[in-house]
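This report refers to the structure that appears directly beneath it.
The values are calculated or read from the model by the stated rules, or taken from the named source; none is laboratory data. No experiment lies behind these values; they were computed from the predicted model shown. For the accessible areas, the whole protein counts, side chains as well, though only heavy atoms, and no ligand, DNA or RNA atoms are used. Shrake-Rupley method; radii C 1.70, N 1.55, O 1.52, S 1.80 Å.
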Amino acid sequence: MTIEKNRTKDQAAIRELIDGFVKAIRAKDIHGVMSVFAPEVVSFDLSPPLQHGGGEIFVKRWQELFESYQDPIDYEVRDLSITAGDDLAFSHSLNGVSGVMKNGQKSDRWLRWTACYRKFNGKWLIVHEQVSVPVDLRSGKAVLDLKP
């Protein structure tokens, strides 16, 4: 198989992984969400601390997120770009999450998401993710109302 066909195949596999990730988030399927992450994942997420690792604490953070929403959670990925090498790859996209929180408040925001992948025994897994929102530097506050 040529290098270009391998790249296309790897990009398709990562796109499939992301599609499964989105479906798992919408279904609040913790096992489905965890299946896309390597055990040693490093996550630079929105909430403190500055860095999160894998393991039970990572699972708990996702469970708390799911528990904070009434059903359903809507999640979409826009402007997805995937670059794949032999055993390392990355993607970036704008991801929208919306729904009604348990307290009745509606939530609708867009996030910037970058993920780094490593191929383990032929399977791509996320080893690092960066989630962010723009910040108004004058006020020091996150800007949560931007739309793509």
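Compactness of the chain is given as radius of gyration and Dmax, 16.0, 54 Å, from Cα positions.
Ordered by 1.4 Å accessible area with all protein chains kept, 17, 137 run largest first as 137, 17.
Straight-line cross-link partners of residue 106 among the lysines, defined as a Cα under 25 Å from its Cα and at least 8 positions apart when in the same chain: 23, 28, 60, 141, 147.
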